1. Sorted from largest down, what three extents in whole angstroms do the Cα atoms of region 65-160 have along their principal axes?
2. Let me have the relative contact order for the chain, percent, based on Cα pairs under 8 Å that are six or more residues apart.
3. In the chain, which longest range has no GluC sites (Glu not before Pro) that are both DSSP loop (not H, G, I, E or B) and surrounded by at most 15 other Cβ atoms within 10 Å?
4. Is the C-alpha gyration tensor of region 1-76 telling us rounded, prolate or oblate? Criteria: a/c under 1.5 is rounded; beyond that, a/b larger than b/c is prolate, otherwise oblate.
5. If you put +1 on each Lys and Arg Cβ and -1 on each Asp and Glu Cβ, how big is the dipole of region 13-164 around its Cα centre, in Debye rounded to 20?
6. Which lysines have a Cα less than 21 Å from the Cα of K116, not counting those fewer than 8 places away in the same chain?
7. How much FRET efficiency would the formula 1/(1 + (r/R0)^6) give for E167 and Q72, where r is the Cβ-Cβ distance and R0 is 30 Å, rounded to 0.05?
8. Report the Rg/Rh value for the chain, based on alpha-carbon coordinates and the Kirkwood definition of Rh.
Amino acid sequence: MISIVQNGNPVLREKAHAVSKSDIGSKKLASIITDMKRALAAQKDGVAIAAPQIGVPLRIFVVAGEIFKKEQDERTPDDMVFINPTIVKKSKTKKWLEEGCLSVRWKYGEVHRHTKATVRALNLDGTSFEIGASGLLAQIFQHETDHLDGMLFIDTARNVRSLPPEEPAGEQL
Ligand code: ZN
């Protein structure tokens, strides 16, 4: 099992490096992304993960397919991979949203997030795409890009508190 790096490990505070063009399509990159998906799948409350969270300082995050599932879907869509993501648009409106992180286990707090955000990134083939989101997905985009810049939600959160693992506390980013 791939373990998830916890707060206190310096890799979470590094500014992650961009994935170079020559690494797109490589076995090395594919295996990092497989590890990220496996690490995420092993956390039943996890909805997204950034590469530094498995100890790899590269600008990649993965969002669980579950997040893209529509009511009428029979099967869960594949996890979505974002390579070298940047937020290209965000709403003026912000909201304090409850948040938790796979790397800051059992702590929760409210973070002031833009209610909408658009990300531009590369997919596995190196093709550029853009996706706009509101709600949880917009929150995920902001939380994960923060990870790539060495930030954790507890840096800016208010009302930070601990909940025991057995208490249900929603999705972990
Ligand atoms: Zn996180």
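Taken together, the values in this text are just the output of simple stated rules run on the coordinates, not laboratory data. These numbers come from a predicted model, not from an experiment. Here Cβ is always computed from backbone atoms with ideal geometry, including for glycine, and neighbour counts include all displayed protein chains.
1. On the principal axes, region 65-160 reaches 38, 29, 27 Å in Cα extent.
2. On the way: 356 pairs, mean separation 43.8, N = 173.
After rounding, I find 25 percent.
3. Numbers: sites that count: E14, E71, E74, E166.
No qualifying site falls inside 75-165, the longest such stretch.
4. oblate
5. Values: 24 positive and 19 negative charges, 82 e Å.
So the dipole magnitude of region 13-164 works out to roughly 400 debye.
6. K69, K70, K89, K90, K92, K94, K95
7. 0.40
8. 0.94
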